[in-house]
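Enquirer: Here it is, the structure in full.
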Amino acid sequence: PPRAAGDEAEQGRRWKEVLAEHAALSAWLSGIKDEQRVRVERTGSWFAIRVGPFHVWLSFCERLLRAGIEPRDRSNALWTLGNVAHSAGQLDRALEAARDKVEVDRALGDERGAALAAGLIADILMARGELDEALRICREEELPVYERLGDVRERLVAQANIALLLLRRARRGDREEASGLLAGARAAAERMRLPEARQIQSIQEKFGLV
């Protein structure tokens, strides 16, 4: 049904507020001094990845990386950059950042960080339709690391992602393998009382695997 004039006016007011907040955030980030940027990236990463505005945080991370920072700080900035570039639809830049993070983390001896970056690479490749390579990375470069480290939460997330890739690829046997992976991941999540259990259940319901 058509919106009432009052509803349209309220929607317009809220949209102006959102734009104003984005503009204010952009101005604030651009004015942050070099020595403060690492701290802002760390405290703002979660917000940047989930809320954005993605192009603003992307520019901020690019400036931070050009500043010549320590390897650990570089790894963190590359993680934020890769995720916000992915959300902004800049897949080539996201892929470059994720691959750079893998190299930095491996040099640091950070297996988990490199595995997380590999997972991001797989997500980007999935968005590009490169499903076989995304599956290979999940199976060979991500999941085994979590199993070796005993990181149950990241392991079940990786299993769910592999299942999604299999369901999207839809070759013979993929659906059955995906069903088993999701059932195992959900059972583990429920035992640990993790919120991912509900997310995995939603995937099962969506694809008729319950």
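The values are calculated or read from the model by the stated rules, or taken from the named source; none is laboratory data. The shown structure was predicted, so the numbers you read here are calculated from the model rather than taken from an experiment. Cβ placement follows ideal geometry from the backbone for every residue including glycine, while neighbour counts extend to all protein chains displayed. Heads up: the accessible areas ignore ligands, DNA and RNA and are worked out on the full protein's heavy atoms, side chains in. Shrake-Rupley method; radii C 1.70, N 1.55, O 1.52, S 1.80 Å.
Enquirer: Give D151, D132 a once-over and let me know the one that is at pLDDT 95 or above and either within 23 Å of D73 (Cβ to Cβ) or out of contact with any strand residue (DSSP E or B) (no Cβ under 9 Å at 6 or more places or on another chain) (or both).
Expert: Only one candidate passes the filter, namely D132.
Enquirer: Name the single residue, out of those in the range 187-201 being open to solvent by less than 50 Å² (accessible area, probe 1.4 Å) and more than 19 Å from the chain's Cα centre (by Cα), that is farthest from R112 (Cα to Cα).
Expert: Q201
Enquirer: For the range 132-161, what are the residues that are open to solvent by 30 Å² or more (accessible area, probe 1.4 Å), charged (D, E, K, R) and under 24 Å from K206 (Cβ atoms)?
Expert: Result: D132, R139, R153, E154, R155.
Enquirer: If you don't mind, there's one more thing I want to ask. Could you count how many residues in the range 30-57 are open to solvent by 60 Å² or more (accessible area, probe 1.4 Å) and closer than 14 Å to A88 by Cα?
Expert: Residues meeting the conditions: 3.
Enquirer: Something else about it: Identify all residues within the range 162-186 that are assigned to a loop (DSSP other than H, G, I, E, B) and open to solvent by 90 Å² or more (accessible area, probe 1.4 Å); write none if there are none.
Expert: Once the filter is applied, which keeps residues that are assigned to a loop (DSSP other than H, G, I, E, B) and open to solvent by 90 Å² or more (accessible area, probe 1.4 Å), the range 162-186 yields R171, R172.
Enquirer: Restricting to the range 62-91, and then to whatever is over 17 Å from E103 (Cβ atoms) and without any contact (Cβ under 8 Å) to a residue 24 or more places away in the chain, can you tell me which residue is most open to solvent (accessible area, probe 1.4 Å)?
Expert: Ranking the candidates gives R66 first.
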